[in-house]
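Presented below is the structure to which this report refers.
Just so it is clear, none of the values below were taken in a lab; they were calculated from the coordinates. This one's a predicted model, so the numbers in the text were calculated from it and none came from an experiment. Quick reminder, even Gly has a Cβ in these numbers, built from the backbone with ideal geometry, and neighbours come from all protein chains shown.
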Amino acid sequence: MTQEQQRALLHLQDKTYDFYWLRLQAMRIPRPDRFASDLARIVAAISQNLALTPPLDLNVLEAMLHTGIQQEIDGEDARQ
């Protein structure tokens, strides 16, 4: 999935959210045992820090992260 597609799914297409998007990409991966709550906390901290409240769907972001993490794990397994 391209970055443009990802941004569209998250409703972050507007140029106003360019730096927000970069901050999301740079965030730490939430802990597996507290994934949803860590993700919500991280997104809230980014929003507060940047004084932006985008129409971000946390469920979509969580699903995208889980897919990316699983693909990374599957790629590691294939290389071993």
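Quick notes on this one:
- Flag for ASP74 being loosely packed, with under 14 Cβ neighbours inside 10 Å and farther than 19 Å from LEU22 by Cβ: yes
- Counted residues, the stretch 9-56 - those being touching a residue at least 12 places away in the same chain (Cβ under 8 Å), in a loop (DSSP other than H, G, I, E, B) and closer than 20 Å to GLN70 by Cα: 5
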